[in-house]
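For reference, the structure is listed below as structure tokens.
The values are calculated or read from the model by the stated rules, or taken from the named source; none is laboratory data. Not measured: the values here are computed from a predicted model. Here the Cβ positions follow ideal geometry from the backbone for every residue, glycine too, while neighbour counts run over all protein chains shown. Note: areas computed on protein heavy atoms with side chains; ligands, DNA, RNA excluded. Shrake-Rupley method; radii C 1.70, N 1.55, O 1.52, S 1.80 Å.
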Amino acid sequence: MRQPLIMGNWKMNGSLESAQSLCSAIMEGLNADDMGVAVCAPYVYLSTLQVLTSSSTLSVGAQNVADQASGAYTGEISATMLKEMGCAYALVGHSERRSYYGDTDETVADRFCEAQKEGIIPVLCIGETLAEREANETFNVVNRQLDAVIEKAGIGALENAVIAYEPVWAIGTGVTASDEQAQEVHKAIRARIAAKNTVIADKIQILYGGSMKPANAKGLLAMADIDGGLIGGASLDATSFLEIYRSI
Ligand code: 13P
């Protein structure tokens with residue numbers, strides 16, 4: 001039985017004050033034994049959240065991590081720095097990074113490796129665009145994105161990683177993949193990993209992301225290969241986020 005994971009991705013939203021109050025409201029809604037909840041906050045709020053969450057089961061993650069360990073990379077944040085800020089997770093390869101900031105399968109694989117070197121669990125985001133889905137390319141795209149990481153990091157690296165399947169057409173659009181559409185891809189991702197290592201395939205958490213809300217979470221999370229959610233918009237509201245968590 002895989003431990004479910006519900007993770008918020010706040011993206012570039014909020015203020016110092018709203019980050020603190022959102023985090024506090026989430027923690028207030030959690031019991032001492034509630035595991036598998038995390039929020040990925042903007043870098044500049046991580047140190048505040050580290051202090052706020054010090055005696056909570058709520059984990060904190062970053063939304064990206066540098067593809068290099070240190071040096072002349074203006075504007076980048078290394079895995080070592082994120083570790084100092086108490087990050088348990090780092091997203092890598094989010095579609096917004098791939099489409100707006102030039103992240104490639106190659107650099108995403110480097111980011112993945114950098115996170116793991118510091119013991120941070122990378123959350124590898126993969127998913128197809130609408131055009132790719134309509135061209136029947138969904139499986140080719142997610143396989144390519146997954147294989148790039150496996151080739152660089154080795155299949156064993158997936159032992160300490162999370163995968164998030166986020167169809168690009170469902171992100172921030174209000175259009176969610178149906179339970180069956182999502183399950184079909186999750187199952188294929190797990191099968192691809194199983195072809196190399198069945199133990200890891202059985203164990204790895206595969207999250208769904210893309211317009212997940214309290215109204216659709218229950219159905220998605222009930223699917224056999226959907227182990228949790230990576231939630232954008234609905235994670236900015238503590239009540240909605242906790243409701244999704246409670247619907248597991
Ligand atoms: P939305 O939940 O706002 O669609 O965002 C999903 C996402 O991109 C999470 O990383």
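Which of the DSSP-defined H helices in the chain satisfy a minimum axial length of 15 Å, computed from C-alpha atoms, and a minimum mean Kyte-Doolittle hydropathy of -1.0?
Counting only whole DSSP H runs, the qualifying helices are 16-28, 138-153, 179-194.
Evaluated over the chain, the count of Lys pairs having alpha-carbon atoms less than 29 Å apart is 23 (only pairs 8 or more residues apart or interchain). Accessible area per residue for the stretch 137-248 is 40 Å², calculated with a 1.4 Å probe on protein heavy atoms, without ligands, DNA or RNA.
When the helices of the chain are scored as -39500 (n - 2.57) per DSSP H run of n ≥ 4 and the total is divided over every residue, the value at 222 nm lands at -12000 deg cm²/dmol. Atom-type composition of the exposed protein surface of the chain places 52 percent of the accessible area on carbon and sulfur (1.4 angstrom probe). With bins 5 Å wide beginning at 0, the percent of Cα pairs of the chain falling in each bin runs 1, 7, 15, 19, 21, 18, 12, 6, 1, 0. For the listed peptides 25-33, 155-163, 118-126, a ranking on the average number of other beta carbons within 10 Å per residue, highest first, reads 118-126, 155-163, 25-33.
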